[in-house]
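> Dumping the structure here so I can ask a few things about it.
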Amino acid sequence: MEDMLWKKEKNKYERMWQQELYRKVSPGYLSAEGFLSFIRTRMNPLDTIIDFGCGSGLAALPFLEAGCKTVLIDIAENCLADKIDALTYLIPDLLSFQLGCLWNLPPSLAQGDWIYCMDVLEHIPPEKIDDSLKEMALRTKKGGALQVFLVEERMGELIGEQLHLTLHPLSWWTQKMETYWEIEQIEPIIPDVRYCIYVGAPKIASFDGMHEKKPSL
C-alpha cells in the first residue's frame, strides 16, 4: 500500500514531468554508454537491466541496441518519453515499465541482472535511503551503476519544490553503498558535483518473488 510520503513524492514528480524544461535532459541516456562499457565483458545476450528512477526512459534505447532487456521503474506515471512509452507496447518482452517507488518496490518486480540508477538517490527522502538501496540490491544479480548528484539544483523552482532531499559528500554515499555492494570503480562526471559509482554483485541475499532467500546454514 502506498504510504503518505510515497504519495507526496509521486504527486511532486508528476507535476515536474509536466514541465517541458525538466524533460530536456536525461542523465540516464547521457551515462548509458559508459555503463555499457563497464558491463560489456560480463553481460550475456538478453541480460536484464533495471533502470531505477528511469525518468524519460531514454537510456533504454542504447540498452536495447546492446541486446539487453530493460525494465523501467519510476514513481511518476507520466515520466516516459512518447517514443519509449510506445516501445513498451511494441516490444513488451524486451522493454517494460512499472510504477513504483524505490523504498517500496512492487512485489511483481523480478530480479534482474544489472542495476542502473542515475541521479535518483539524492531525490530520495533521507530516512528512505537505506530501504531504497536494499530494495535495489535484492533485485540485482551482477552489479551495475549508481550515479549521485552532490549539490542542490534549481529545477524544483518550476513548481515551488525542493528536489534534492539528501545531499552529502561522495564519501557518505560510498559508505552507504558498501553495505550492499562491492564498489569497483568511481568515475567523476562533474568533479565535486556528480559521480558515477560502479558496483559488483550485491552482498545481501537475493530476492525471490515476495520473499528474501535465507542463507544456507
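Every number in this text was worked out from the coordinates using simple rules, so none of it is lab data. Because the structure is a prediction, the values reported are computed rather than measured. All Cβ positions, glycine included, derive from the backbone under ideal geometry; neighbour counts span all protein chains shown.
Here is a yes/no grid of residues against (1) touching a Leu at 6+ places or on another chain (Cβ under 6 Å); (2) within 22 Å of VAL148 (Cβ to Cβ); (3) of a type in the set (S, T, N, Q):
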site: ILE49; (1), (2), (3): no, yes, no
site: CYS54; (1), (2), (3): yes, yes, no
site: ALA59; (1), (2), (3): no, yes, no
site: PRO62; (1), (2), (3): no, yes, no
site: GLU65; (1), (2), (3): no, no, no
site: LYS69; (1), (2), (3): yes, no, no
site: ILE75; (1), (2), (3): no, yes, no
site: ASN78; (1), (2), (3): no, no, yes
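> So, one more: Can you find, within the range 104-127, the residue that is farthest from GLU33 (Cα to Cα) among those that are of a type in the set (Gly, Ala, Ser) and touching a residue at least 24 places away in the same chain (Cβ under 8 Å)?
ALA110
> Still on this structure, I have one more. Tell me, which strands (runs of 3 or more DSSP E) wholly within the range 1-112 include 3 or more residues that are surrounded by 21 or more Cβ atoms within 10 Å (Cβ to Cβ)?
48-52, 69-74
> Also, I was wondering about something else. Go through the range 152-198 and count every residue that is touching a residue at least 12 places away in the same chain (Cβ under 8 Å) and either part of a helix (DSSP H, G or I) or not aromatic (Phe, Trp, Tyr) (or both).
The qualifying residues number 31.
> Collect the residues in the range 132-151 that are part of a strand (DSSP E or B) and either surrounded by fewer than 21 Cβ atoms within 10 Å (Cβ to Cβ) or touching a helix residue (DSSP H, G or I) at 6+ places or on another chain (Cβ under 9 Å) (or both), keeping them in residue-number order.
Correct list: LYS141, LYS142, GLY143, GLY144, ALA145, LEU146, GLN147, VAL148, PHE149.
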